[in-house]
1. Cβ-Cβ below 8 Å, separation at least six or inter-chain, first residue in region 39-62 and among the hydroxyl-bearing types (Ser, Thr, Tyr), second part of a helix (DSSP H, G or I): which pairs?
2. Checking the conditions here, which among Ala127, Ala142, Ala121 is crowded, with 22+ Cβ neighbours inside 10 Å and under 19 Å from the mean Cα position of the chain (by Cα)?
3. Could you tell me which residue of region 115-172 is farthest from Ile234 (Cα to Cα), considering only residues that are of a type in the set (Lys, Arg) and more than 12 Å from ligand 1 (Cβ to nearest atom)?
4. Looking only at residues in region 77-113 that are within 19 Å of the chain's Cα centre (by Cα) and at positive phi, which one is surrounded by the most Cβ atoms within 10 Å (Cβ to Cβ)?
5. Considering each residue of region 104-161, count those that are more than 22 Å from Asn88 (Cβ to Cβ) and among the polar types (S, T, N, Q), and give that number.
6. Do we have any residue at all in region 232-247 that's away from ligand 2 (no atom under 16 Å from the Cβ), more than 18 Å from Val144 (Cβ to Cβ) and of a type in the set (Lys, Arg)?
7. May I ask you to list pairs of residues, at least six apart or on different chains, whose Cβ atoms are under 8 Å apart, with the first in region 233-244 being within 21 Å of Leu96 (Cβ to Cβ) and the second being among the acidic types (Asp, Glu)?
8. Specify which of the listed residues (Leu46, Leu124, Leu120, Leu73) is within 16 Å of ligand 2 (Cβ to nearest atom), farther than 20 Å from Ser204 by Cβ, out of contact with any His (no Cβ under 7 Å at 6 or more places or on another chain) and not aromatic (Phe, Trp, Tyr).
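The values are calculated or read from the model by the stated rules, or taken from the named source; none is laboratory data. Bear in mind the structure is a predicted one, so any value in this text is a computation, not a measurement. Cβ atoms come from the backbone with ideal geometry, glycine included; neighbour counts cover every protein chain shown. Side chains included, ligands, DNA and RNA excluded: accessible areas come from the protein's heavy atoms. Shrake-Rupley method; radii C 1.70, N 1.55, O 1.52, S 1.80 Å.
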Amino acid sequence: MSHPRKSTVLLEHHLKQLRLPTVLKDYALVAQSCSREKCDYPTYLLRLCEKEVADRQKRAMDRRIQAAKFPMLKTIDSFDFTAQPSVNEPLIRELLRCEFVDKNENILLMGNSGTGKTHLATALGFAACCQGYKVRFFGCTALVTQLLEAREDRQLQRSLKQLEKQDLLILDELGYVPFSKPGSELLFEVVSRAYERQSLIVTSNLPFESWMEVCGSERLTGAMLDRLTHKVHILEANGTSYRLQESRKRLARRKKTKRQN
Ligand code: ADP
Ligand code: MG
């Protein structure tokens, strides 16, 4: 009786040391099903390895999604294209395959507030995480503030190196708050370093002509746009705010029920 228990203890110890948590969790159950189905030993081992690999991929994907720090977890499944007909759905579907990340291409999402730019940027970032890419989401203002602070702490190069490790950077909401001169220089530094090495998704409520108001200098804005738009997919969302559409619908429903009562 003591012999099998000893081998089990040793097996579990080795599986832990080898960091095979799924094999550890499932080896006994899979052994039972394999013995019922009269599978040979390699098949038993194969089934366990397949489970371990699948779980490992899932864990890595979850880690990438966590690390991306999306403000909200929105995917393309919850995006209603009929509510925003100006959005180029075929292009979005193509971009969800994430070839743009391999090619270091950028995406610009332009349009009024509430038209789903952040939602779409997140959905594209989520798809990239699922396909094995490292993604990091930032509000533009927060990123610039973070970099200005890092520079004060003499940590700027370190922060920029961290950013360079990502395959895809999402810079959300360029245009709501104008940057100081050092702030726009740092944003330019990010865009410049990413050029042809990483992909950027930038969302903005402002047309290009107005970017200078946010970034300050004409020279710097021009240079930034030049890099951003060299290899770029531009998506425009020009409809009514989704939030506004939803609240109008709610209001209409309320009026209708009032009339009925
Ligand atoms: P923007 O970034 O353009 O200001 P958001 O992406 O923040 O807009 O959208 C505002 C809210 O409306 C979010 O909760 C978003 O999920 C939702 N939303 C916007 N457009 C759509 C859409 N077409 N289908 C479903 N939800 C949408
Ligand atoms: Mg937004």
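1. Thr43/Cys34; Tyr44/Val30; Tyr44/Ala31; Tyr44/Cys34
2. Ala121
3. Arg154
4. Checking each candidate, the answer is Cys98.
5. 6
6. no
7. Correct list of pairs: His233/Glu105; Tyr242/Asp80.
8. Leu73
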